Structures are given as C-alpha cells and as structure tokens.
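Participant: The structure under discussion is supplied below as structure tokens; questions concerning it will follow.
The values are calculated or read from the model by the stated rules, or taken from the named source; none is laboratory data. Predicted model only: the values in this text are computed from it and were never measured. Because the Cβ atoms are built from the backbone with ideal geometry, glycine has one as well, and the counts that use them run over all protein chains shown. What goes into the accessible areas is simple: the full protein's heavy atoms, side chains included, and nothing from ligands, DNA or RNA. Shrake-Rupley method; radii C 1.70, N 1.55, O 1.52, S 1.80 Å.
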Amino acid sequence: MSTPLAALAFGCLAVAPPRVPQDAPPTAPLRGQVHAVEASLQLPPGFVAELVVAHPQVKWPSAVHCREDGALLVAEDAMDMPGPTDQPIDKLWLLRFAPDGSYVRTLFCDRLYAVMGIQEIDDAIYVMNMPFLTVLRDRDGDGVAEERTELLNDLGPPAPGWPGGFNDHIVSGLRLGMDGFLYVSVGDKGVPRATGRDGGTIQLVGGGVVRVRPDGTQLEVVATGTRNHLDVALDERDELFTYDNTDDGLGWWTRFTHVMPTGHYGYPWDYHAHPERMLPCMKDDGGGSGVGALVYNEAAWPADYRGAMLACDWTDRVVRRYTVERAGATFRCTSSSDFIGAGTSGEFRPLDLCESPDGRYLYVADWNHPGWTSPDVVGRVWRIRQEPDLAGPAPLGDLVDGTMAARAKASTAGLLANLGHPSFRRRVAAQRELSRRIASDGAAWFALVEAMANSPDERVRRHALFALGGHETPGSLARAVEQLDRAPQADTRAQAARLLGHVRSSDGGALEALSRALVGDPDLVVRREAAIALGRCGSAEAVTALVHALEESDDLFLRFAIRQALRALPCDWNWLLRQSLPALSERAREDVWQALRELYDRRLIDALIAFAAEPRVAVELRARALRTLAEAQKRAPAWDGKWWQTQPARNPPPAKTESWEGSERIAAALERAFAGDPPPALRATLAEIARTTRAPELLAPLRRLAEQCADPAERAER
C-alpha cells in the first residue's frame, strides 16, 4: 500500500534550487532532555525506550541520521502534513547531546523539499529532498549549515505535467557503502532522466536502487522492478536489502528482498505474467507498509542482533527484526519477529530509524498519526537502548572517533588496527582516511598491501582492498586480481571481483581472473560477483565464459547475473546461436533466450533472421528465434515520466507501437516464415505470433496456413 509520504508537488520543481536565506534571523537554540515515559513502547526483555523529543519541538519527523560525533539530525516534513505541498518548507534539526542526556536543538537547515534520506560523509551532510541531492556543511560547528550545494538537481520526476500531491513512491533513503558509493532508494515514480557531475545519465522506469559517488560522478542504476521502499539497507559486505510496500491487493505484498546488482524484481507486470523474467523476494509478509530500514552492523548490542535487518512498518505499527543466512548466491530469511511494538505509547507510526555511531542507541522517527494532513499535534523521536546501557567496543589504536578531525590525527598503525574493529562505521572511517593518506604516504600504501595480503581477519582484508581500490591505479587493481585468484577467504575474492567491476577494468589479466572465478570458484557469491563484473567490463571475450558458466550451476541468482551480463556485452551473435546454443541444456538455453529478449540490436536481429530461416536448425530453436524476433518488432513508446499510479497491474503494459531500424526486417522475415509448408511445430508458433502481434500483414499468410491444415481442429484454431 502507499505510505503517508505521497507524491511530491511537482509544480515546484521547475524553479531554481532554494537558497539558504542570508538575512533570515537565526532560530534560538532549544534545550531538551531525553527521558523515560510511563506510556511506552513494547520491546524485548533487556531493552528500554526513551523519548528524545516530541511535539511541539519536532513535528512530522520523516528521516533521522546520527552523525559521527553522536549528534542527531531529524527531518521535519511539513510538506506532507499541513502543506502546502508545492513549496520547500521542510526543515532539518540538529540535536547535540551532553553525557547526562540533555541536548541543544538548532535549526541545521530549512527551505528543503520533502526530506526522505540523510547521510553523513566526511563531515558533510547529504540530504535527499527530491529532485535535489543536497550537500550541507557546518564549517564553524555552531549547529547551523552555512554551506549548501545541490550536488544533483534532477534525481526524480520533473515538473511539467506532473500532478501535485503527497511525497510517496519517490527517491528517498541514502546509505554509504563500504565501496564508496552512495546507494539511493527509488520508489516507482522512478527517475525520468538524471545527470551526474561527469555528464553520465540514467533513467529508471519504476522503482529500484541507484548509486552515485559522493562527488556526483558515476551515477548508475543498480537494480529495477521494485515498488515503494523508502530505504536501501546495506550489510557489512555491501549486500543490499529492501522492505517494499504492497500494491493494495493485487498480489504484490510487503516484501523483504535481497537486491542483487543488475537484478530485476518484477513490478509492475512481470510478477503476475512472467516470473521467469524476475528474481523473487526472500519473505512475503502480506499486508503492510514498509518504510525505513537498516542492517545493524554495529557491536554494542548482543551478537544475535548483528547483521539483522530492522524494518519499519507504518501500517502495522511495528519495527520488525529479520535475520538471514547465505543460500547459494543469495540469502534466505531465517527468522522474523516484532522488535518494537506500539505498547501503550498511543499512535506509534515508525517512519525511519538509525543507530548511533557506537551502536548503543537506535533512534526511531515516529509520525504518531495514522494518516495525512494532520494538525500540528504529531511527531516523536524515540531512543532504544539496552538496560543496563552498555558501551560499545573501544577503539583499536588511537582513532578516538569517526570525525575527520580525529582521523587526520590518528597514526597509520592506529587506522590499520581499526580496519578490524567490530563496528562497521569505525572500520569505514579508518578505511576512508587510509585511502586519502596513501596518495602522499608510501608507507601507508605498503602497510595496506601487507594487510590485504596477509591479515587473517577477512574484515581487514576487505576494507584494505577498498582503501587501495579507491585510487584505481594499476598497482591497486593488480593487487585486486591477485586477491581474486589467491585469497583463501571467499569474502575477499568476492570483494576483489566487485572492485574490478566498479572500475570497469579492461585489463586482460583482470578479465582472465574474472573468467576463471566465474567458472571455477567454489563459492557462488564469488561467481555471482565475477559475472556482474564481467558484464560491467564490456569485453566480448567474456561471452564464452559466461555461456559456459550457465551449465555449471542451478543457482537462480547466479544464472540471472549471467543473463544480465550477456545483455550488456558485445557478442558474436552468429557464434552464440549456431555454435553455442544448440549444445546447451534446455535450462541454459532458456537463460540465453531470456538474455536476448528485446535487445533491439540490429546485428542480433540479422543473426536471428538467418538462424530462423536455416532448415538444418532444429525446429524448436527456429520457433524460439521467431518468437524472439516478434517480441522485438516494435518498441513501447519512450516513457513520458508520468507515474502509473498505485495499481498498474490492473492494466496491460504499454503497447509496442514504435518502429525502430530493425522493424521492417523483422516484419519481412516473419512474412517469409509463413510461406511454403512449414512443419507443424513451426506453424503453431507462427499462429501464436500472428495472434499476439495482430500485425495486419500476417493475416493473409495465416489464412493460407490454416487452409493447409488437414486437421479440422487445427484449421479452426488457425
């Protein structure tokens, strides 16, 4: 179903990005106190809830994020409550805590559009307020951002022709990965066209995940075919998970999903008609309304919480806890339970959540209202902690905390020690400082190479790999190739493959190592990452290994990754169809056919036409080639950027009405296929094509085929 954050009022998006008012009077700081309340949330034994802030100090909290210094950012989404929905009236508050639980609240930034995601990166605050990805900086430390940059200004739907309304199904949550990318959750209003700082463009039709470097470059689509999640949750290895909304009764229920790069998840039409074209979710939870989510990657809470996903369900008024385990190239959900319930707290409606950098606290943004456009008396932020409140693990070495100032003062040895810290945020902080440092410090370079090659701790090897790989030098990529070939830990090999794919390495040694890993590595995640990387590297030399690997595994996620890689690569289509395809098993052939669907490649079309017309080719293969040609005869019109509303599955997908350069050749080939006396299996396929395409030029040939049928029943069917 739809969450209480509905479609952005797009009339406002045609204007220039709002500027921080220079003459606006400062908002007076407000003092407050975290405190226990008598009417409280329902929690497992050993946890307590404290009220951090509530109306009137904060209203309609839509997103929360804890900075590295422990201060809490809270977004206030007035656009979706009293409105107006076409003006940038959202605010971002900063709460800075004292050891006794008191805090000072300041207005960090205002004049934002609907704030749905916040992420700190190197002392800058990234705010997703669609269509803007805004970067804020507080240089003087007074709790107010005096610098503002619109890093991207088109990450979402445009203004022309778009209806106003609430902010839902839009671009929303932000998460920084270990790999240095900022991962962005996208609802099914999609991204019509966004442009990165390096000129690269993307389009995402419907929901999914995109990513971008913190400097605005390398903007990419990661996965497609989801509906309306407000967050993308990353585990310590950068595996992605989402918690998706329902479609209000048409079979797409609240979904807990492992999101594989290049994956397609079937919304809005394939999940009914073509499950073979999509990847499944891990768990279907029935009705509900998924919103914010995270994977707890810290170390202060008990061990069975580490790596668990915590997901807010606004409709069911709970925060759920999910645990997973590896299942081949993906995961399976091993347990789910309600971690936070409404208890006696009243109208608990969780929207977003974040953990403190030491992992001790979980902050929960609570809308505290069951609908939209409420009066002012709504909004709370809770803090969940253990009882007793136990501090997280101390730093390893001299990294005091994760702020840039502390990292700059730390010794290289101290930073290296913190690559193995139990806290994910501390490891990433150390990794990013080491990555900056090696540009001018040869000793840091060699220390990282040594750690990556010889540390028995896979966490150290993993972060050292990305600290080196962030520079994309021949030396760092050569080390990644070595790790892919030789590392004893499967995790290190998988991360090495990821890194080579990120940089789209065209080095022959890298391609050979990825191909070896694809067909020979005993670990399915390594093979999955090798397939994805080969698809990104763009070399036709990888096609042979990819096709061979289809026969080597029955793992759905690995085979899907191979299919997507084949779609991305240049290929000798005649070789694939004539030499490779006939020798494959039926299952592997189906994967190849799925990879060839709707590629709209002139060279592929010519190869398919010749293949389908060759009498020596098996009839079933010729028939499948004709169906593949028929599917590509026309294209659907270019997406106009408009949303398909909440239940698109009630209607058929857009009709294919647009011609392209291969259309006439396909039409002529289909007409020729009807000529003469094709074998019965081929006649059935041709009749199916005529029915489904409804092309007028095929009617007369279809009648001739029907007249040739000796069987009255077959003739009637034709």
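Participant: Using only Cα atoms, tell me the angle between helix 490-502 and the longest principal axis of the chain; keep it within 0 to 90° and round to the nearest 10.
Facilitator: Computed tilt is about 80 degrees.
Participant: Using alpha-carbon pairs under 8 Å, 6+ residues apart, how would you state the relative contact order of the chain in percent?
Facilitator: So the answer I get is 10 percent.
Participant: FRET efficiency for D69 and D507, Cβ-Cβ distance as r, R0 = 56 Å, nearest 0.05? Intermediate results must be reported in sequence, preceding the final value.
Facilitator: On the way: r = 41 Å, r/R0 = 0.73.
Here the calculated transfer efficiency is 0.85.
Participant: Please report how far the C-alpha centroid of the range 270-288 lies from that of the range 500-532, rounded to the nearest whole angstrom.
Facilitator: The distance from the Cα centre of the range 270-288 to that of the range 500-532 comes to 29 Å.
Participant: If the label point is 7 Å along Cα→Cβ of A439, which residues in the range 188-232 have backbone nitrogen under 18 Å from it?
Facilitator: In the range 188-232, the label zone of A439 (backbone N under 18 Å from the point 7 Å along Cα→Cβ) covers 197-198, 213-218.
Participant: Say each of A490 and Q42 gets a label point 7 Å from the Cα, pointing the same way as Cα to Cβ; how far apart are those two points in nm?
Facilitator: Result for the modelled spin labels: 3.9 nm.
Participant: Per residue, how much accessible area does the range 254-413 have with a 1.4 Å probe, in Å²?
Facilitator: 35 Å²
Participant: Mind checking Rg over Rh on the range 280-377, alpha carbons, Kirkwood formula for Rh?
Facilitator: Checking Rg against Rh, the ratio lands at 1.00.
Participant: Of A299, V186, Y243, whose Cα points farthest to the positive end of the dipole of the chain (charges on the beta-carbon: +1 Lys, Arg; -1 Asp, Glu; origin at the Cα centre)?
Facilitator: V186
Participant: Would you mind working out the accessible area per residue for the range 47-150, using a 1.4 Å probe, and quoting it in Å²?
Facilitator: 28 Å²
Participant: The range 430-549: percent of C-alpha pairs farther apart than 24 Å?
Facilitator: Here the long-distance tail beyond 24 Å is 22 percent of all Cα pairs in the range 430-549.
Participant: Please state, as a whole number in µm²/s, the translational diffusion coefficient that the Stokes-Einstein equation yields for the range 489-597 at 4 °C and 1.567 mPa s, with Rh defined as the Kirkwood radius across alpha carbon pairs.
Facilitator: Numbers: Rh = 13.5 Å.
Translational diffusion coefficient: 96 µm²/s.
Participant: In the full protein assembly as shown, how much of E590 is accessible to a 1.4 Å probe, in Å² to the nearest 10?
Facilitator: The accessible area of E590 comes to roughly 60 Å².
Participant: Kindly sort K91, K409 by accessible area of their heavy atoms, largest first, with the probe set to 1.4 Å.
Facilitator: Most to least solvent-accessible, the answer reads K409, K91.
Participant: Label S335 and V377 with points 7 Å out from Cα along Cα→Cβ: what is the distance between them in nm?
Facilitator: Inter-label distance under the simple model: 4.1 nm.
Participant: Now for a different question. With a 1.4 Å probe and every protein chain left in place, tell me how much accessible area T85 has, in Å² to the nearest 10.
Facilitator: 40 Å²
Participant: On a 0 to 90° scale, report how tilted helix 619-631 is relative to the longest principal axis of the chain, with both axes built from alpha carbons and the result rounded to the nearest 10.
Facilitator: Taking Cα atoms only, the helix is inclined about 60 degrees.
Participant: While we're on this one: Quick one: length gained pulling R635 to A28 fully straight, 0.36 nm per residue minus the C-alpha distance?
Facilitator: Extending this stretch completely gives an extra 212.7 nm.
Participant: Hey, another quick one. Please check which bits of the range 219-240 a label hung off K642 would reach, taking the label as a point 7 Å along Cα-to-C-beta and the cut-off as backbone N under 15 Å.
Facilitator: none
Participant: Further question on the same structure: Hey, rough spin-label estimate for L250 and A681, points 7 angstrom out along Cα→Cβ, what's it come to in nanometres?
Facilitator: Label at L250, label at A681, 3.7 nm between them.
Participant: Want the number for R602 to E552: 0.36 nm per residue separation, take away the alpha-carbon distance, what's left?
Facilitator: Gain on stretching R602 to E552: 15.0 nm.
Participant: In addition: When averaged across all projection directions, what area in nm² does the alpha-carbon convex hull of the chain cover?
Facilitator: Over all viewing directions, the chain projects a mean Cα-hull area of 32.0 nm².
Participant: Still on this structure, please answer the following. If I take R0 = 22 Å and measure r between the Cβ atoms of R650 and R691 in this structure, what FRET efficiency does the formula 1/(1 + (r/R0)^6) give, to the nearest 0.05?
Facilitator: 0.45
Participant: Shifting gears a bit: Hey, what's the Cα Rg ratio for the range 222-304 versus the globular rule of thumb, 2.2 N^0.38 Å?
Facilitator: Compactness ratio reported: 1.15.
Participant: Quickly estimate the mean residue ellipticity at 222 nm for the chain, helices only: each DSSP H run with n ≥ 4 gives -39500 (n - 2.57), and the total goes over all residues, rounded to 500.
Facilitator: Working: 19 runs with 208 residues, N = 718.
Here the helix-only value at 222 nm equals -9000 deg cm²/dmol.
Participant: Between D389 and A453, what FRET efficiency comes out of the Förster formula 1/(1 + (r/R0)^6) with R0 = 51 Å and r the beta carbon distance, rounded to 0.05?
Facilitator: That gives a FRET efficiency of 0.80.
Participant: Please list W644, W372 from largest to smallest accessible area, probe radius 1.4 Å, with all protein chains kept in place.
Facilitator: W372, W644
Participant: For the range 432-591, with every protein chain kept in place, what is the accessible area per residue (1.4 Å probe, Å²)?
Facilitator: On a per-residue basis, 38 Å².
Participant: Could you give the angle, 0 to 90 degrees to the nearest 10, between helix 602-613's Cα long axis and the longest principal axis of the Cα atoms of the chain?
Facilitator: The angle comes out near 40 degrees.
Participant: Work out how much length D140 to T544 would gain on full extension: take 0.36 nm times their residue separation and subtract the Cα-Cα distance, in nm to one decimal.
Facilitator: Result: 139.7 nm gained on full extension.
Participant: Still on this structure: Quantify, in whole percent, the carbon and sulfur part of the accessible surface of the chain (1.4 Å probe; protein heavy atoms only). Spell out each step's value before the answer.
Facilitator: Values: 13660 of 26800 Å².
The nonpolar share, carbon plus sulfur, comes to 51 percent.
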